[in-house]
Structure formats: structure tokens, C-alpha cells
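Student: Take a look at the following structure, please.
The values are calculated or read from the model by the stated rules, or taken from the named source; none is laboratory data. Bear in mind that the values here come from a model prediction, so they are computed numbers and not experimental data. Methodologically, a virtual Cβ is constructed for each residue, glycine included, from the backbone with ideal geometry; neighbour enumeration extends over all protein chains shown. Ligands, DNA and RNA are stripped out before the accessible areas are found, and what is left, the full protein with its side chains, is counted by its heavy atoms. Shrake-Rupley method; radii C 1.70, N 1.55, O 1.52, S 1.80 Å.
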Amino acid sequence: MSSQTNPSARNDVAVLLARVLGRNRAWILAHGEAIVSEEEAATFMSYCERRRTGEPIAYILGDAGFYGRDFLVNEHVLVPRPETEQLVDETIAFIRAPMRVLDLGTGCGAIGCTIAAETDAGVDATDSSGDALDVARENARRHGVLDRVLFHKGDLAEPVKGNRYDVVIANLPYVPTSRLKKRPDPTSFEPREALDGGPDGLAVYRKLMPSLPRLINEDGLVLMEAAPPTIEELAAMLQAALPTFVIAVGNDYSGLPRYVKAIDRRSEGATYRSSGV
Ligand SMILES: C[S@@+](CC[C@H](N)C(=O)[O-])C[C@H]1O[C@@H](n2cnc3c(N)ncnc32)[C@H](O)[C@@H]1O
């Protein structure tokens, strides 16, 4: 991989060096003559070697940016993606008074912690991975929302059975099993439990659907992220589960259909202003 022909590699190298030296990238570019210590050089080379194997930069650095905040990440959690920020935007636009929000498959807690930090909402967050929940709890502590995000280990909404929510937001695994990437693709370093959506990519969402009518308040909002080719089918599944709700598809920053939302007819057009649909 030549840094002269691969702009991503050039950028990654600058990011890694900036972290090792405790400087920003502009400083790195302006100080090509700077001398680094042997220790700094050794750390930098070990980071570059890890990157060469395909390991995501976020795992090497131990953090990833999401909605303007830094989140601790490691090999137990998916690296939060920019497209997921759209679902957070939708939620923030919808929240009027203190509301109850359910974040299903919270991973590093990026969605739940951001909503708690940006609004007055109380959040329940679930994940089947105890290791992921440890990371999410640490992120809630870092962002000062540990008292408003309750973490629950278990399958989908099982741990919060009996509760009802104003917003249910889910970024569950949605990669069809046959499309999971192998090394050295960076996604192959992420937990399979965070990516594998079964044969058609919708197995986990399909399992969730029957519980939705008992989870969501009748004037609530449901948001689900998935892969562009499966969005229409996910929209049909959601419509079947919540027949009185209006279903719409939202695009990501690249203009690709990325999420489905279900909103009660009475909420639509009230104070709520959708950001992307
Ligand atoms: C695609 S990752 C999303 C993580 C995070 N919400 C985000 O947007 O960055 C999916 C998460 O769902 C969790 N998960 C997978 N199957 C689950 C299940 N049946 N019940 C609860 N969580 C599950 C995984 O452990 C993983 O943390």
C-alpha cells in the first residue's frame, strides 16, 4: 500500500503520528523536520504495523468521533458510523419534553449517550454483549450521562419487557452473512455479533418486530438503520408490525437509503421536524 497513491493511507499515517506526538495534523504537516524520540518512533511504527494488517484506526487510537464527541471503542464494539448520526438527528428533532428512549443494540453507547447528552430524555440501552456494555457504561460516565442511561444485557428488548417508549431506535446487525468481509478488510476486525444479520441481513430485525407494538407509545417514533438494498423490505416489515404508523425511508449523507422510520400520524407535522426524510 503506497502512501503516494492511497490518500486514505496518507491521512491515516498523519492521524497516527499526530496522536503519538500529541499534536494536531496541521502541526505534523508544518513540521516535517521535527525530531521524534526513539519511544515515539517505536510507538508510531507499531501503530503503522497494526494499520497495515487492516485494523481500523479507531481501534488503534482507542476512540472514535460521533456527533461531536469522542467515544471509547475497542474490539468488542462496532466503530460508530457517520450515517448513524442521521437517526440521532431525527430523534433529537422529535423529542419535546422529557421522554423515554430505547436504544437497541447500543454497542459503545454512541446513540444512547448522545441522545441523553443532547436532550432531557431518559434512555434504556440494551445489548447482548456484556463486553460491549462495559464500553458503553464507560462512555456514559465520560459524557456525564451515567445517571440517565440505564444499560441492560440481553436479547433485543427482552430485558426491558413491560416498558413503553416514546422513541425506539435500533442499529442492529444488518450485513447478510455471505457479505461479511475477511481480513484485511477493517470490518473483519469488528465483532461478528455486531454485523451478522443472517442470510438476508434482516434476521435480527425480523425477530424484533413482534415485540414492537408493545414497546412503542402510540404517538411514538421508531427508527431503524439497515443496508440500502434491504431498506424497502425492512419498511414493509415495520408497516406490517405497526399498521397505524406512517412509514418513511431516510437517506444517509451519500444519498443512499439507510434507515426506516415509523411515526404516528398524529405526531407527524406537529412540533416534529424531520431532518432527512
Ligand atoms: C451494528 S452494531 C451497532 C452498535 C451501535 N448501536 C452503533 O450504532 O454504533 C449492533 C449491536 O447490536 C448488538 N446485538 C446483536 N444482536 C443483538 C441482540 N439479539 N440483542 C441485543 N443486542 C444485539 C451487538 O452486540 C452490537 O453491539
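Student: Among 241, 220, 262, which residue has its Cα furthest toward the positive end of the charge dipole of the range 75-264, with +1 on Lys/Arg Cβ and -1 on Asp/Glu Cβ?
Tutor: Comparing the listed Cα positions along the dipole, 241 ranks first.
Student: Further, regarding this structure: Quick one: net charge of residue 228's neighbours, Cβ under 12 Å, K/R +1, D/E -1?
Tutor: Net charge around residue 228: -4.
Student: To the nearest whole percent, what portion of all C-alpha pairs in the range 117-245 is separated by more than 26 angstrom?
Tutor: 28
Student: Sticking with this one: Need one number: the % of Cα-Cα pairs in the chain sitting beyond the 26 Å mark.
Tutor: The answer is 45 percent, as a whole percent.
Student: Moving to a separate point now. Carbon and sulfur together cover what percent of the accessible area of the chain at a 1.4 Å probe radius?
Tutor: 52
Student: Sum -39500 (n - 2.57) across every DSSP H segment of at least 4 residues in the chain, then divide by the residue count to get the 222 nm mean residue ellipticity, nearest 500.
Tutor: Estimated from H runs of four or more residues: -10000 deg cm²/dmol.
Student: Here's a follow-up. For the range 188-264 and the range 77-115, what is the separation of their C-alpha centers, rounded to whole Å?
Tutor: Measuring centre to centre over Cα atoms gives 14 Å.
Student: So, one more: Ignoring ligands, DNA and RNA, what accessible area per residue does the range 7-52 give at 1.4 Å, in Å²?
Tutor: I get 71 Å² per residue for this part.
Student: Assuming a strict under-26 Å limit between Cα atoms, what lysine pair count do you get for the chain once near-sequence pairs (fewer than 8 apart, same chain) are dropped?
Tutor: Lysine pairs meeting both conditions in the chain amount to 7.
Student: Between the helical axis of 130-142 and the dominant principal axis of the chain, each derived from Cα atoms, what acute angle in degrees is found, rounded to the nearest 10?
Tutor: Its long axis makes an angle of about 80 degrees.
Student: Another question about this same structure. Which value, in debye to the nearest 20, gives the size of the charge dipole of the chain about its Cα centre, when Lys and Arg are +1 and Asp and Glu are -1 at the Cβ?
Tutor: For this selection, approximately 240 debye.
Student: While we're here: Is the range 7-52 best put as rounded, prolate or oblate by its Cα gyration tensor, with a ≥ b ≥ c the root eigenvalues, rounded for a/c under 1.5, and otherwise prolate when a/b is larger than b/c, oblate when not?
Tutor: oblate
Student: So, one more: Using Cα atoms only, what is the angle between the long axis of helix 231-241 and the major principal axis of the chain, expressed in degrees (0 to 90) to the nearest 10?
Tutor: That helix lies at roughly 30 degrees to the long axis.
Student: Turning to a different aspect of this structure: Which angle between 0 and 90 degrees, to the nearest 10, do you get for helix 85-94 versus the longest principal axis of the chain when only C-alpha atoms count?
Tutor: Computed tilt is about 40 degrees.
Student: Would you check the accessible area of residue 131, probe 1.4 Å, heavy atoms only, in square angstrom rounded to 10?
Tutor: The accessible area of residue 131 comes to roughly 80 Å².
Student: Out of all DSSP beta bridges with both ends in the range 75-264, state the antiparallel percent to the nearest 5.
Tutor: Taking every DSSP beta bridge within the range 75-264, about 40 percent pair in antiparallel fashion.
Student: Here is a further query. Using the Cβ atoms and a cut-off under 12 Å, what net charge is assigned to the surroundings of residue 170, where Lys and Arg are +1 and Asp and Glu are -1?
Tutor: The answer is -1.
Student: Going by the alpha-carbon gyration tensor, a ≥ b ≥ c the square roots of its eigenvalues, is the range 75-171 rounded (a/c under 1.5) or, if a/c is not under 1.5, prolate (a/b greater than b/c) versus oblate?
Tutor: Rounded is the answer for the range 75-171, as its axis ratio a/c remains below 1.5.
Student: I'd like to know how the range 1-155 sits against the 2.2 N^0.38 Å rule of thumb: what's its Cα Rg over that expected value?
Tutor: With N residues counted in the range 1-155, Rg over 2.2 N^0.38 Å equals 1.22.
Student: Taking only protein heavy atoms and a 1.4 Å probe, what accessible area per residue, in Å², does the range 75-264 have with all protein chains in place?
Tutor: About 41 Å² of surface per residue is accessible.
Student: Heavy-atom accessible area of residue 264 with all protein chains present, probe 1.4 Å, nearest 10 Å²?
Tutor: It works out to around 10 Å².
Student: Give me the net charge of residue 202's neighbourhood, meaning all other residues with Cβ under 14 Å from the Cβ of residue 202; Lys, Arg count +1, Asp, Glu -1.
Tutor: -2
Student: May I pose another question? Please name whichever of 31, 42, 8 sits farthest to the positive end of the charge dipole of the range 7-52, dipole taken about the Cα centre and charges placed at Cβ: Lys and Arg +1, Asp and Glu -1.
Tutor: Result: 8.
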